[in-house]
1. Determine how large the accessible area of residue 113 is when every protein chain is in place; take a 1.4 Å probe and give Å² rounded to the nearest 10.
2. Counting alpha carbon pairs within less than 8 Å and at least 6 residues apart, what relative contact order, in whole percent, applies to region 82-167?
3. Ranked from the most accessible area to the least, with a 1.4 Å probe and all protein chains present, what is the order of 290, 348, 118?
4. Local charge sum around residue 359 (other residues, Cβ-Cβ under 10 Å, Lys/Arg +1, Asp/Glu -1)?
5. Taking a 1.4 Å probe, which of 93, 60 shows the most accessible area, and what order do the others take after it?
6. Rounded to the nearest 0.05, what FRET efficiency do residue 303 and residue 36 give with R0 = 45 Å and r taken as the Cβ-Cβ distance? Could you check?
7. Relative contact order (percent) for region 83-225, with alpha-carbon contacts under 8 angstrom and 6 or more residues of separation?
8. Taking 8 Å as the Cα distance limit and 6 or more residues as the minimum spacing, I'd like the relative contact order of region 255-313 as a percentage.
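The values are calculated or read from the model by the stated rules, or taken from the named source; none is laboratory data. As the structure is a prediction and not an experimental result, all values here were calculated from the model. With ideal geometry, Cβ positions are generated from the backbone for all residues, glycine too; neighbour counts draw on all protein chains shown. The area values use the complete protein model at the heavy-atom level, side chains included, leaving out ligands, DNA and RNA. Shrake-Rupley method; radii C 1.70, N 1.55, O 1.52, S 1.80 Å.
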Amino acid sequence: MAQALGEDLVQPGELQDDSSSLGSDSELSGPGPYRQADRYGFIGGSSAEPGPGHPPADLIRQREMKWVEMTSHWEKTMSRRYKKVKMQCRKGIPSALRARCWPLLCGAHVCQKNSRGTYQELAEAPGDPQWMETIGRDLHRQFPLHEMFVSPQGHGQQGLLQVLKAYTLYRPEQGYCQAQGPVAAVLLMYLPPEEAFWCLVQICEVYLPGYYGPHMEAVRLDAEVFTALLRRLLPRVHKHLQQVGVGPLLYLPEWFLCLFARSLPFPTVLRVWDAFLSEGVKVLFRVGLTLVRLALGTTEQRLACPGLLETLGALRAIPPTQLQEEAFMPQVHSVALSEQDLQREIKTQLAQLPASASGPPPRPQARLPGAQAIFEAQQLAGTRGATRPEVPRIVVQPPEEPRPPRRKPQTRGKTFHGLLTRSRAPRIESPARSHRGSTSSLDTRF
């Protein structure tokens with residue numbers, strides 16, 4: 001199966017190379033003084049103009065209009081037309097609208113609305129010296145060839161410092177994780193610091209809970225899940241990785257923790273994020289399985305990697321032409337992995353995971369599978385907050401006065417016709433004879 005998948009891999013034509021957009025520590029420490037930035041802001045990048053395979057301008061305008069219409073009535077769209085949102089995310093959110101769409105997809109706009117002033121307080125508060133020193137050492141490593149992060153005193157690095165510091169104050173029990181740096185940096189390329197902060201909160205606590213804490217317990221669980229999926233979907237690749245001793249923890253954490261920001265060309269990273277914010281962690285597993293298949297899917301590729309180092313090198317040196325967004329993303333979405341399959345495998349591996357005395361057990365139930373689940377959870381929370389429970393009132397009413405029993409009218413020997421005729425006849429005053437009994441009977445009966 002794996003061999004067939006590898007041989008059937010679609011080889012795109014002469015596509016443009018975006019490898020210079022990779023944000024890794026291996027990049028040069030400084031850009032040339034007169035090098036031009038590409039359309040994503042990377043100095044000296046080769047994406048100044050869309051290459052072959054990119055959608056034409058008219059199609060991009062049509063997609064922009066669709067997103068404007070959907071986001072203008074977001075609650076209605078998510079309630080009734082989420083499938084359309086998912087399909088548009090798979091096609092790619094237009095760059096001009098990612099600042100509008102990302103916070104809506106992940107629910108950050110609701111968090112920001114419900115916590116007004118929180119980020120300002122965190123940004124103005126002094127940070128923990130321990131975390132501030134660690135964050136300061138990592139700032140220059142985040143996309144050093146991007147125009148936002150070139151200068152240590154520029155708004156990019158300073159904004160990144162404020163966002164990461166705010167998170168350590170917002171969740172002091174978790175602190176700072178190095179993998180949060182590239183995630184926050186990508187968010188800052190499209191969002192103001194406050195919105196980037198709330199998006200980071202949603203990613204760390206809703207999409208990937210247990211990833212960025214001190215124990216990273218969810219990473220261990222997902223590594224076992226990924227191995228089980230490899231065994232089922234790519235058995236020959238799984239056997240080769242076992243033979244050479246390459247476990248998932250040797251390559252998977254950098255992929256998943258950084259959301260592939262350090263492993264793929266930047267245009268492809270954005271497309272992965274569009275789908276991830278829509279469909280959840282399932283997208284990360286699909287991307288990882290696709291990368292493993294591209295690197296080791298054929299018999300020739302596996303024979304060329306007889307050892308551990310060669311195999312790891314192959315996983316990190318996939319030709320950029322195979323990672324172009326228009327060729328790569330359809331392969332990602334075609335991976336036979338549904339949300340039900342993933343949840344079933346998570347339950348299986350969670351039951352087999354050995355207990356660790358050094359950290360808490362993973363809590364996969366805290367992870368929500370994408371934008372629709374987040375929207376429904378926030379709607380439910382908003383409904384509960386709006387309808388406050390009423391305090392029961394005890395009303396003491398005075399006892400009613402006893403009423404005299406109602407007497408049965410005396411109608412014996414009288415007919416209805418006679419009573420009706422007597423009621424219609426004019427009343428004659430006569431001092432000698434009084435019809436009190438009849439009058440009383442008539443008043444009581446009718």
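1. 130 Å²
2. Values: 37 pairs, mean separation 20.8, N = 86.
Relative CO of region 82-167 lands at 24 percent.
3. Output order, biggest surface exposure first: 348, 118, 290.
4. Numbers: positive: 220; negative: 217.
Computed value for this residue: 0.
5. 60, 93
6. Working: r = 42 Å, r/R0 = 0.94.
Efficiency for this residue pair is about 0.60.
7. 25 percent
8. Working: 21 pairs, mean separation 11.2, N = 59.
Relative contact order for region 255-313 comes out at 19 percent.
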